[in-house]
Every structure is written in structure tokens, then in C-alpha cells.
Amino acid sequence: MKKDIIKEIIRNFQTRDLPIVHKRNVSLPVDAGKIVSITGVRRSGKTFLMYDTIQRLIGNGIDREKIVYINFEDERLNFKTEELDSILESYRELYLDTPLKNVYFFFDEVQNIPDWEKFVRRIVDTVSGNVFITGSNAHLLSSDISTTLRGRSINYEVFPLSFSEYLWFYDMKPDLYDPAGKARIIRHFESFLWNGGFPETLTLSEEPRGKTLQEYYNVMIYRDIVERFSITNLGTLKYFLKRVFESVTKPLSVNKIYNELKSQGYKIGKNMLYDFLDAAEAVYLILPLKKFASSILKQELSEKKYYGIDNGLLCATSYDYKNDYGKLLENLVMLELRKSGKSIAFIKNGKECDFVLIEKDVPVRLIQVCYSLSDNNTKTREINSLVAVCKTLKMKEGFILTYDEEGELVEDGVKILIIPVYRYLLQYA
């Protein structure tokens, strides 16, 4: 019975049209000879990245019959570990004359199956070197890969659309030197700042977009966190995540939240709150930012900030964000830096700097984010703080990213570039 369902799923995928795939900054190798793993938050485009890879394989002359795509969240399957071999058996029965070594396997959300990594390793070791997997749980997938699949895989992270990908979605070629084109970029940036970059939501109007994003959030809580991490204290989890979202852009104090919960009569250990934090990070609901330190050990032990995975998700789950432009702008910059793959941290040692870009353990760029410098006190504070950090790190220039203000100045021998975020993302990122 299970084989009949698997055969139907294999054949249905091989005969149906693939959806239109929009351009992304990530492109998977088709001849890596290793397991290609794709991790990222739900609905960020991992499956469509698989579709893009499949379309390129077909374009290179690979027959559709040599491509197997299985979504492990398909409720018809409900696999047990010992049943995974039925995938290979079903394919053999469908295509007696096709050697499995020539088959490309695409396994979507594979981490739902216990001991999946042993099955995938056996395929790579004995059957086919063409295996692609996705997962929405970074910790689970990476820990499995680092043990059972060490040296046999390469990983790609996928996030909601970056600003450049967002413009590609609307078939826009960024041109900041054309007045009409620049005006369109600014309009799109304003929408991107509030609505975020989850691909499915971009064509929706405000009300259905908000409901869709709220549903994403609920699925992440109930399916990705509660079910996978066997969490029973749902009320405490929801309160904790609400407080984490409220603390976005600021160092997070788990101890403070713990004391709040105790004062309200919640009976919970502090370690459980750290487990909640790890779970939220594992499913990409939040992204950590470490404090810059002189050693890896100090950096690991230092306080952290946490940022939301998407501005649209923040706005859909908390009305307060719709009016907090500065927090949204900083969250967006953090996301864009992370999406670009750069190593980043924040600085807090008397003077503060929102982001420091690091290459080979050496700071190479300092970035402050401030929605507006129109207030003289704000401008003085931001400039003085950035100059102080530049001098401490012996750097000759720093950036202040704003919503729409720009300029250039020299303060105490340090060059300060004031640039709108949209321009920075298109010209400097």
C-alpha cells in the first residue's frame, strides 16, 4: 500500500508542470557529488530552490524520470524509519532499466523522519551521489550532518527575499541614477520595510498578507517548536517569544523575563527559557547577533541580541512594530547582512556600534543604523559613538545608514558616510 502511494507521488511530480521560479541570490550545484542541504525558515523558498535545480537539470538533458522528489510533510506518507527503503524499491519497480546511480533524489523537510541521516548516507555511499535535502530546523539538520554525514555534505541557508531579490521579483533592474527608477526603488523599499520578503505574501493585499504571516508564525510555534521539541508549557512559550520579539535590536535578558514570569505566578525553570530560545533560533524564527570580543570564547559567552526573521512577520504579530520605524530599519539591515553571508557582531564597550563586519577575525566595516538624523542631539550621539569605536579599532571610516538622508563628513579624522539603507543595499552590500 505504501509503495503504491510513493509511486503515485513520484509519477505525479515527474509529469506535472513545475511552477515559475523567481531569481534568487542562491544557486545550488548540480554536480557536487555530495549531499546538498538547504536550511531556512518555513516558506522562505527552499522548495522553489529545489525546483530551480530540477529545471536546470532538465535543461542539461536529464530525463524527468531520473528525478525523484519527495515531500516528507505529505500526510499520505507518514513514514517510519524502517519504511524509507520503500522509496528506492518503488523507484526500481517503476523504472527497471534505470540504474539508481543516475537518479537525482530531492527530499523536502526530511528531518521529520527519525534517523533520516543514516538512510541518506547509505544512498550517497552505495546508490547515488545526487541527493538534495531541505529542513526548517537548523540545529537538528546541522547536528545530524556534522556526525553521520561529516564531509559528505555542503549546506546553503535560505532566507526570505533580500531587497535585491525583492526587486527581481517585480522585474526591476535597480538604477539609482534614473530619477523615475530611483523613485520606484524607494516605493518598493518602503513596502519591503513593512511587509518583509516572504515570497508567497508579495502578491497579497494587506489583510490576507497579515493573516498569512500570522499563520506562518502559528505553524512555527505549534509544528516546528512545540511538536518537535515536545514542549508542554504553551502559555509560557508564547509569553517568552512575545518578550523576545519586543527585545529585538537590544541585548536580551533571559533572567529579566524569568523574574517577570515568576512574579506572575508561572512555575518554570530558567533553563527551560534557554531551551525555548534555542528552539526559536533552530527554526529560524529569530537570528542571534553576538557581541564582538577579542577571543572566540569571550564572544560565545557574551550577551547577545536577537532579531526577527522577517519584518513582515514582526508587524503581523505585534502592532507596536508598525510605528517603530527605527527598530524595523535596524532589523532589516541585520537581515540583509546575514543573508549576504557576512560575519557580523555588535559592539558595546562604553560606546556602541550596531554592526561590525568581520573578515578573518578582523573588523573591516562599522555600521550604525538610525532612521533619521534630523534631530541634532540624535545626530551628535550617533556620530560621536561611531567615531569613538572607529578610533578604538583604528578604522578610518564608518557608515550611518538612514531611511532617506545622505551626506558625508569628517569628524576628528574619521570619515562618516551617511547613506540611505536602500542605496547601501544596492551599492555597498
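The values are calculated or read from the model by the stated rules, or taken from the named source; none is laboratory data. All figures in this text were calculated on a predicted structure; none of them were measured in a lab. As a convention, Cβ positions derive from the backbone with ideal geometry for all residues, glycine included, and neighbour counts pool all protein chains shown.
Brief remarks on what is shown
- Entry remark, the range 238-294: residues being within 30 Å of LYS339 (Cβ to Cβ), assigned to a helix (DSSP H, G or I) and touching a Leu at 6+ places or on another chain (Cβ under 9 Å) number 15 in total.
So that you can scan it fast, the table gives a plain yes or no per residue for (1) touching a residue at least 60 places away in the same chain (Cβ under 8 Å); (2) surrounded by 13 or more Cβ atoms within 10 Å (Cβ to Cβ); (3) acidic (Asp, Glu):
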site	(1), (2), (3)
GLU260	no, yes, yes
VAL283	yes, yes, no
LEU287	no, yes, no
ALA293	no, yes, no
LYS327	yes, yes, no
ARG338	yes, yes, no
PRO363	yes, yes, no
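- Hits in the range 288-314 - residues which are modelled with pLDDT under 95 and among the hydrophobic types (A, V, I, L, M, F, W, C): PHE292, ALA293, ILE296, LEU297, LEU301
- Residues satisfying the stated conditions in the range 403-427, i.e. surrounded by 19 or more Cβ atoms within 10 Å (Cβ to Cβ) and within 16 Å of THR380 (Cα to Cα): VAL414, ILE416, ILE418
- Selection within the range 1-49 - surrounded by 14 or more Cβ atoms within 10 Å (Cβ to Cβ), modelled with pLDDT of 95 or more, touching a helix residue (DSSP H, G or I) at 6+ places or on another chain (Cβ under 8 Å) and of a type in the set (Ser, Thr, Tyr): SER44
- Residue within the range 331-351 that is under 25 Å from ASN137 (Cβ atoms), assigned to a strand (DSSP E or B) and small (Gly, Ala, Ser) present: yes
- GLU382 being surrounded by 14 or more Cβ atoms within 10 Å (Cβ to Cβ), in contact with a Ser or Thr (Cβ under 8 Å, 6 or more places away or on another chain) and either not polar (S, T, N, Q) or not in a helix (DSSP H, G or I) (or both): no
- The criterion of at least 3 residues that are closer than 17 Å to ASP310 by Cα and of a type in the set (Ser, Thr, Tyr) is met by none of the helices (runs of 4 or more DSSP H) falling completely within the range 125-216.
- The selection criterion, being acidic (Asp, Glu), in contact (Cβ under 8 Å) with a residue 24 or more places away in the chain and within 26 Å of TYR325 (Cβ to Cβ), does not hold for GLU207.
- Selection status of ILE87, modelled with pLDDT under 95, of a type outside the set (S, T, N, Q) and outside any loop (DSSP other than H, G, I, E, B): no
- Flag for ILE225 being surrounded by 13 or more Cβ atoms within 10 Å (Cβ to Cβ) and under 23 Å from the mean Cα position of the chain (by Cα): yes
- Condition check for TYR266 on (1) surrounded by 15 or more Cβ atoms within 10 Å (Cβ to Cβ); (2) modelled with pLDDT under 95: one failure, at (1).
- Search result, residues across the range 34-77 that are hydroxyl-bearing (Ser, Thr, Tyr) and closer than 21 Å to ASP310 by Cβ: THR39, SER44, THR47
- The set of residues from the range 50-76 being surrounded by fewer than 19 Cβ atoms within 10 Å (Cβ to Cβ) and touching a helix residue (DSSP H, G or I) at 6+ places or on another chain (Cβ under 7 Å) comprises ILE58, ARG64, GLU65, GLU73, ASP74, ARG76.
- For the range 68-112, the candidate set comprises residues that are within 16 Å of ASP4 (Cβ to Cβ) and of a type in the set (Asp, Glu); within that set, the residue that is nearest to the chain's Cα centre (by Cα) is ASP74.
- Checked against (1) buried (at least 22 other Cβ atoms within 10 Å of the Cβ); (2) modelled with pLDDT of 95 or more; (3) not hydrophobic (A, V, I, L, M, F, W, C), SER153 passes all but a single condition, namely (2).
- Within the range 81-108, being surrounded by fewer than 17 Cβ atoms within 10 Å (Cβ to Cβ), of a type in the set (D, E, K, R) and in contact (Cβ under 8 Å) with a residue 12 or more places away in the chain holds for GLU83, ASP85, GLU89, GLU93, LYS101.
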